[in-house]
Amino acid sequence: MRKHLNISAVILTILRDNPERDFALDELTALIFPDSPPQDEKRNQSEVLDMLIFLDDQKLVLLDFDTDRSSIAK
């Protein structure tokens, strides 16, 4: 559970600090897991996407399901 709280906090911080732009799933994943080995990329993307869906449901972020791009909710 703690890992999910950390991921959500990092996502919100990244998006809040960059309100003028949106981020692709792979960009956010690279920022959240910068030193992760390549073989963990799909698992990491899955975790980030799960959290983005949750945050979108909570209306904290805007997730474009067609492009997998996210921005902070205004």
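Okay, residues lined up against (1) of a type outside the set (A, V, I, L, M, F, W, C); (2) surrounded by 14 or more Cβ atoms within 10 Å (Cβ to Cβ); (3) more than 11 Å from Ala24 (Cα to Cα); (4) modelled with pLDDT of 95 or more:
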residue: Pro38; (1), (2), (3), (4): yes, no, yes, no
residue: Lys42; (1), (2), (3), (4): yes, no, yes, yes
residue: Met51; (1), (2), (3), (4): no, yes, yes, yes
residue: Asp56; (1), (2), (3), (4): yes, yes, yes, yes
residue: Leu60; (1), (2), (3), (4): no, yes, yes, yes
residue: Asp64; (1), (2), (3), (4): yes, no, no, yes
residue: Arg69; (1), (2), (3), (4): yes, yes, no, yes
Qualifying position, being open to solvent by less than 60 Å² (accessible area, probe 1.4 Å) and modelled with pLDDT under 95, among Ala73, Ala24: Ala73
Condition met for Ser36 (among the polar types (S, T, N, Q) and under 9 Å from the mean Cα position of the chain (by Cα)): no
Criterion: among the small types (Gly, Ala, Ser) and outside any strand (DSSP E or B) - qualifying residue of Ser46, Ser70: Ser46
Within the range 14-29, tally of residues that are over 10 Å from the mean Cα position of the chain (by Cα) and in a helix (DSSP H, G or I): 2
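The values are calculated or read from the model by the stated rules, or taken from the named source; none is laboratory data. Only a predicted model underlies this, so the values are computations on that prediction, with no experimental measurement involved. Positions of Cβ are generated from backbone atoms using ideal geometry, with glycine treated the same way; all protein chains shown enter the neighbour counts. Note: areas computed on protein heavy atoms with side chains; ligands, DNA, RNA excluded. Shrake-Rupley method; radii C 1.70, N 1.55, O 1.52, S 1.80 Å.
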